[in-house]
Amino acid sequence: MSEAGLRQAQEKMRAAGTADVAIRVFTHYYRLLESGQQGTIREDDIEPVGDLPHLDHLDTDSAAQRAALAETVVIKLNGGLGTSMGVTGPKSALPVKDGLSFLDIIARQILSTRRRYDVPLPLVLMNSFRTTEESRQILSEYDGLAIDGLPLDFQQNMEPKLLADDLTPAEWEPDPELAWCPPGHGDLFTALVASGTLDALREHGFRHAFISNADNLGATADPRIAAWMAEHDVPFGMEVCRRTRSDRKGGHVAVRRSDGRLILRDSAQVAAEDTKYFQDVSRHKTFNTNNLWIDLDRLAELMEGHDGILGLPIIVNRKTVDPADPSSPKVIQLETGMGTAIETFEGSQAVLVDRSRFKPVKTTNDLLVLRSDVYELDEAGDLTTTHEGDEPYVDLDPEYFKILADFDVRFPAGPPSLVRADRLEVRGDVAFGKDVVVVGDVEVESPAGRRRVIPDGAELRA
């Protein structure tokens, strides 16, 4: 039955106008799934990574930095929607700081870096069909951002969700779009080829790409890493941070025993009996920030030499066809992660960076910290922290704060001051007045069944 399922899926993709290279990649992973592969990486097959170079200690001079940055393009993954926060449009369109969206701030960062180093530094978005138009509209406000001959964006591929019981493509009449899914951000490499973007960048003389998530405003094009990549002929560079207890579920880098290559192991690739090792932050000490640097010529060589199939480890994602309806049919989404390409490029390296380069916004907890006075935004679009030590830990009651509309209603005058806070935990229905200040380790709770309102100017202490 699975052979028929593959044929049906291929036909569905062709009918939708999917590029041949994307269909070949999907076919590769379908056959891996069919053979029983789950992409598991066993603890016995890896060992912890040793000492890594730190960004602050990379020995590069200013001339080398500018020369390398002049051959660099910035690619932002921008296919995500704010569905986890109840938003239907691009997450990158959300106002996050001083009334500016992620994309506004990214555009300012790019334009500022161009002026500072006198380099072209193109910005290219990898959009989904749901994020393209609104994202283009936001970026159209920035004169000179687009570069002649280069696209400002390209679109990630789509693939059919597969029914879990027989691996045939799912259909869903209430919303046919839900029968499709993106193949994970590992699709970046396929989409670069399928869209012609990789060829266009190379033809314009760009050698390296700095790739990161659009919701991570700490991910700016650092010329020191660009120069390090160029000087040491690094084909693939991954920025990693030190893991803490709160990072126990994040993917970590390790060394594969069989060939000594760096690999990335995500939580979906961990066998149940190896969970304790995966979560041991004293054993596996660094995690992937998803800030990646890639040699575009080496990528092109690999893609051409493998018929467009890099062979990234498979990720089998089990869901329901309608994520909001647990009673809808069970499906499988075949995915890959772009960071796992670290094992594909011979000579890949990892570089240790500070948390200032890793500020993703995944929840309204993250959004509150970013909007607060913990961070200041300068004219160049760079975020600087005013908080001593680690940023404060925020945990808002998901029943009342998970959805952005509910979150905004409870902070009508803006976020409280968190610059002197260590922790803010909110339980129940709590609304915050104007100029509220949080100091130290604070827990706030509402009476059962009633909203508690923190008055204007209140100072909350432990």
Amide H neighbours of Ser101 under 5 Å, at least 5 residues apart or on other chains, H built in the peptide plane: list them. Val96
What dipole magnitude, in Debye to the nearest 20, does the chain give about its Cα centre under +1 on Lys/Arg Cβ and -1 on Asp/Glu Cβ? 560 debye
Taking Cα centroids, how far is segment 124-192 from segment 276-300 in Å? 24 Å
Taking 0.36 nm per residue of separation and subtracting the Cα-Cα distance, what length does fully extending Asp20 through Ala272 add? 87.1 nm
Using a 10 Å Cβ count of at most 11 others and DSSP loop calls, identify the longest part of the chain lacking such GluC sites (Glu not before Pro). 142-345
In sequence order, what are the phi-derived ³J(HN,Hα) couplings for segment 143-150 according to the Karplus relation 6.51 cos²θ - 1.76 cosθ + 1.60 with θ = phi - 60°, rounded to whole Hz, with x for glycine and proline? 4, x, 5, 6, 10, 3, x, 10
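Taking the Cβ of Gly86 as the center, what net charge do the other residues with Cβ under 10 Å away carry, scoring Lys and Arg +1 and Asp and Glu -1?
Working: positive: Lys402; negative: Asp406.
The answer is 0.
What is the sum of charges, Lys and Arg at +1 and Asp and Glu at -1, for the other residues whose Cβ falls under 9 Å from the Cβ of Leu6?
On the way: positive: Arg7, Arg31; negative: Glu3, Glu34.
Value of the local net charge: 0.
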Applying the gyration tensor rule to the Cα atoms of segment 1-109 (axes a ≥ b ≥ c; rounded if a/c under 1.5, else prolate if a/b exceeds b/c, else oblate), the class is oblate
Axial C-alpha extent at least 18 Å, average Kyte-Doolittle at least -0.5 - helices from the chain (DSSP): 20-34, 102-117
Computed ³J(HN,Hα) along segment 242-259: with the Karplus parameters 6.51/-1.76/1.60, θ = phi - 60°, integer Hz and x for glycine or proline, the list is 5, 7, 10, 4, 6, 9, 5, 9, x, x, 10, 8, 8, 10, 7, 5, 5, 9
For Val351, which sequence-distant residues (separation of 5 or more, or a different chain) have an amide H within less than 5 Å of its own amide H, given hydrogens modelled in the peptide plane? Met238, Glu239, Val240
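The numbers here are math on the coordinates, done by the rules we state, and not lab data. Given the structure is predicted, the values throughout are model-derived calculations rather than measurements. Neighbour counts run over all protein chains shown; Cβ positions are idealised from the backbone, glycine included.
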